[in-house]
1. Starting from the stretch 13-24, take each residue that is more than 13 Å from D49 (Cβ to Cβ) and in contact (Cβ under 8 Å) with a residue 40 or more places away in the chain and list its partners that are assigned to a strand (DSSP E or B) and of a type in the set (V, I, T), counting only C-beta distances under 9 angstrom and pairs at least six apart or across chains.
2. Suppose we keep only residues that are at pLDDT 95 or above and of a type in the set (D, E, K, R) within the stretch 23-50. Which one would you say is surrounded by the fewest Cβ atoms within 10 Å (Cβ to Cβ)?
3. Could you tell me which numbered condition P62 fails, if it satisfies all but one of (1) modelled with pLDDT of 90 or more; (2) in a loop (DSSP other than H, G, I, E, B)?
Amino acid sequence: MDSPPNDLDTHALGRAAPGKGLARAACPYAEGTEARTRWLAGYDEAVSDGAEPVTEGIAKHPPAGGPTR
């Protein structure tokens with residue numbers, strides 16, 4: 001998956017997160033904020049649509065096309 005554009009909303013970024021190797025717990029938004037609620041909803045939606053959830057923060061080996069170090 002290509003990197004999402006920078007102008008996506010928090011819901012769309014949450015949907016892209018499992019494909020980028022990010023776990024649900026790695027949500028970058030503060031507890032109790034609307035952004036966090038939308039990001040988590042997007043993440044959960046992606047997983048319910050068949051995306052493979054990631055555990056423990058950031059995947060050690062991101063999916064092909066994911067970030068490199």
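The values are calculated or read from the model by the stated rules, or taken from the named source; none is laboratory data. From a predicted model like this one, the values you see are computed outputs, not experimental measurements. Using ideal geometry, Cβ is built from the backbone for each residue, glycine included, and neighbour counts are taken over all protein chains shown.
1. K20/I58; G21/I58
2. So, considering only residues that are at pLDDT 95 or above and of a type in the set (D, E, K, R), the one surrounded by the fewest Cβ atoms within 10 Å (Cβ to Cβ) is D49.
3. In the conditions (1) modelled with pLDDT of 90 or more; (2) in a loop (DSSP other than H, G, I, E, B), P62 misses (1) alone.
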